[in-house]
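The values are calculated or read from the model by the stated rules, or taken from the named source; none is laboratory data. As the structure is a prediction and not an experimental result, all values here were calculated from the model. Quick note on the areas: whole protein, heavy atoms, side chains included, nothing else; ligands and nucleic acids left out. Shrake-Rupley method; radii C 1.70, N 1.55, O 1.52, S 1.80 Å.
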Amino acid sequence: MTTSLLAHLTVDPASDRPPFEQVRLRIVELIADGTLLTGERLPTVRALAAHLDLAPNTVAKTYRELEAAGVIETRGRSGSFVKAGRHDAQDAGFAAASTYVGTARELGLDDDTIVSMVQRALRAP
């Protein structure tokens, strides 16, 4: 969920670190603490640049460095995703939930119905 990143990411213009490095380090921290999970989609370069009031090239440099380090992966037009995570129960749960949502959408279910089904399943014995 891209809102996870946007809600937790800022750039300090007074910092000695360049903005691309601040963003890179913060994304790594958010993965390490479980805020961002393996398989989670990151915002587009343009969306993140607009949110942080940075040039798109600055965010693109951050994403390139994270990809070179094996932290994220870019899947063409599908976007960029967290590749390296903690590989714990949260990551496994997110992967299972992502698979379920994909299957439900392939079956033609809309998002409201999918959420409703998950809520019903949570209440089941």
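Quick one: length gained pulling residue 78 to residue 32 fully straight, 0.36 nm per residue minus the C-alpha distance? It would help to have the intermediate numbers written out before the result.
Working: separation 46, 0.36 × 46 = 16.56 nm, distance 2.37 nm.
In short, 14.2 nm is gained.
What number, in nm² with one decimal, is the all-direction average of the projected area of the convex hull of the alpha-carbon atoms of the chain?
9.0
Can you sort 122, 37 by 1.4 Å-probe accessible area, starting with the largest? Mind dumping the intermediate values first?
Working: 122 140, 37 25 Å².
From most accessible down to least: 122, 37.
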Log10 I(q)/I(0) at q = 0.12, 0.23, 0.26, 0.28 Å⁻¹ for the range 22-76, from Debye over equal alpha-carbon scatterers, is -0.25, -0.95, -1.20, -1.33
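Would you mind calculating the relative contact order of the chain from Cα pairs under 8 angstrom and at least 6 residues apart, reporting the percent as a whole number? Walk me through the numbers on the way to the answer.
Details: 133 pairs, mean separation 30.1, N = 125.
For the chain, the relative contact order is 24 percent.
Starting from the Kirkwood radius over alpha-carbon pairs of the range 54-110, derive D by Stokes-Einstein at 10 °C in a medium of 1.306 mPa s and give it in µm² s⁻¹.
Details: Rh = 13.3 Å.
Rounded, D is 119 µm²/s.
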What value, in deg cm²/dmol to 500, does the helix sum -39500 (n - 2.57) over DSSP H runs of n ≥ 4 give at 222 nm once divided by the residues of the chain?
-18000 deg cm²/dmol
